[in-house]
Ligand SMILES: [Fe+2]
């Protein structure tokens, strides 16, 4: 993705969060030159991937296959530093799909915090890690469901679903774009995502202008962290 596109998406996202009165923590607003020099003080941000994340899943079609996220809190699976939970805020556009994946260990609640309808398509995984045609079982807002493979569950604002490990899911918005929340056990995007099909997690960035904010995937290069 071009940096100019990422910058435009971030400007738009900051406005969208404000519109929904969803206020982000201070580090969301640090420009690249405002990051504290003392990297040790911000170890929890750097080590656990807190902050902005824009991805086209490596496919170069952000409008159809993409997601913009902000990770507010997170820890590590081995318990070394950080907290044993994670929280994200996500902006899901109409018809913009987060491709089918599951997590080996993370259990996550996906929450519609406002906007249109969040649609989530569900499959169990089989012994070969493929999409299973067996029934899917899940809990949404305290109610248990059993549905056929490929069921599309709808979340209106305020509603949520609990996604357990090995349960394949993809999602997109209908009607209006959605401010989605994620509350989960710790999140490791480098090791815990099992995508169905060839999909990358982070975008290739073409630097055509300076970044207005750093993405989590920029920390290593821009902050030598
Ligand atoms: Fe997920």
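Every read-out reported here was derived from the displayed coordinates using simple, explicitly stated rules and does not represent laboratory data. Keep in mind the model is a prediction, meaning the values are calculated, not measured. FYI the Cβ positions are ideal-geometry reconstructions off the backbone, even for glycines, and counts take in every protein chain you see.
Just from the alpha-carbon atoms, what are the Rg and Dmax of the chain in angstroms?
When restricted to Cα atoms, the chain yields Rg and Dmax of 17.3, 53 Å.
Which residue, 109, 78, 189, has the most motion in a Gaussian network model of the chain that connects Cα atoms within less than 10 Å?
Fluctuation is largest for 78.
With 10 angstrom as the radius, rank 1, 90 by how many other C-beta atoms surround their C-beta, starting from the fewest.
Ranking 1, 90 by Cβ neighbours within 10 Å, fewest first, gives 1, 90.
At 0.36 nm per residue, and after removing the present C-alpha to C-alpha distance, how many nm does the segment from residue 159 to residue 141 gain when stretched out fully?
Stretched out fully, the residue 159 to residue 141 stretch lengthens by 5.8 nm.
I need the peptides 114-123, 94-103 ranked by packing, meaning the mean over residues of other C-beta atoms within 10 angstrom, with the highest value on top.
114-123, 94-103
Nearest 5 percent is fine: what portion of the DSSP beta bridges confined to the range 3-223 is antiparallel?
Antiparallel bridges make up about 95 percent of those DSSP assigns within the range 3-223.
Note down the relative contact order for the chain as a percent, whole number, built from C-alpha pairs under 8 angstrom at least six residues apart.
Relative contact order here is 29 percent.
What is the Å³ per residue value for the convex hull set by the Cα atoms of the range 22-89?
Cα convex hull per residue, to the nearest whole number: 124 Å³.
How many angstrom separate the Cα center of the range 141-199 from the Cα center of the range 66-121?
Centre-to-centre (Cα) distance: 8 Å.
Once fully extended, how much extra length lies between residue 33 and residue 78, figured as 0.36 nm per residue of separation less the alpha-carbon to alpha-carbon distance?
Extra length from residue 33 to residue 78 when fully extended: 13.0 nm.
Please work out how much length the chain gains when fully extended from residue 59 to residue 12, using 0.36 nm per residue of separation minus the C-alpha to C-alpha distance, in nm with one decimal.
Fully extending the segment from residue 59 to residue 12 adds 14.8 nm.
Among 173, 127, 149, whose mean-square fluctuation peaks in a Gaussian network model of the chain (Cα, cutoff 10 Å)?
127
I'd like the orientation of helix 3-19 relative to the chain: the angle between its Cα long axis and the longest Cα principal axis, in ° from 0 to 90, rounded to 10.
70
Taking only Cα atoms and a 10 Å spring cutoff, compute GNM fluctuations for the chain and point out the largest among 174, 87, 206.
Most flexible of the set in this elastic network: 206.
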